[in-house]
1. Run residue 52 past the list (1) modelled with pLDDT of 90 or more; (2) buried (at least 16 other Cβ atoms within 10 Å of the Cβ); (3) among the β-branched types (Val, Ile, Thr) and report the number of the one that doesn't hold.
2. Please count how many residues of segment 87-112 are surrounded by 13 or more Cβ atoms within 10 Å (Cβ to Cβ) and either acidic (Asp, Glu) or within 16 Å of residue 122 (Cα to Cα) (or both).
3. Going by what's in this entry, would residue 115 be described as charged (D, E, K, R), surrounded by 14 or more Cβ atoms within 10 Å (Cβ to Cβ) and within 15 Å of residue 56 (Cα to Cα)?
Amino acid sequence: MKQHKLNKQAGASMVEIVVTIIIIAIGLLGVASLQANTMRYLKVANQRTEATVAAYDLSERMRANGQGVKNSVTGAASYTYTTAYATTVSSLPAMPSCAVSTCTPAEVAAMDINEWLRGLSNRLTDGAGYIVPVAPVGYDVIVMWKEANLTIVDPSCPAGVPPAPGIGVRCFTVRFTP
């Protein structure tokens, strides 16, 4: 009688195929998670960039209105805005009016602040800001926006006066020295 030799395996078994599919699936899930995190961090980076641009925009407006940085009559700071974050987000202040050629430095300051706040609300998610005089060096320009996954009070936000904006709000501060 003739004996049959067992043939060696010539292809992949079903177990090997299933293991390969599982490994590929785990890898694809990892890539998808990486993509989602990249998009989230990209949005956060974009918001920070917009905050930086906005803070320097106001600083340049202040520098251009040198006489308006301090009111020439009262000596008080013309560039001051410390209205609570929630109030600013819910309703922006009314736009001041003056004829462009006859605006006083204080009126230009009021228009600059208003345009800056409107720009913040357009550029950032629930964007708002504070402008706080810091004697004797200048001003702190604080840009604030709502960050989706932030569940704490940002330690870089001001405490006291002006009021702290609360949980989930990110702050960026630039000190402007005229």
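1. (2)
2. The qualifying residues number 6.
3. Numbers: charged (D, E, K, R): yes; surrounded by 14 or more Cβ atoms within 10 Å (Cβ to Cβ): yes; within 15 Å of residue 56 (Cα to Cα): yes.
Spelling it out, residue 115 is indeed charged (D, E, K, R), surrounded by 14 or more Cβ atoms within 10 Å (Cβ to Cβ) and within 15 Å of residue 56 (Cα to Cα).
The values are calculated or read from the model by the stated rules, or taken from the named source; none is laboratory data. Values in this document were obtained by computation on a predicted structure and should not be read as measured data. All Cβ positions, even for glycine, are placed from backbone atoms using ideal geometry, and neighbour counts span all protein chains on display.
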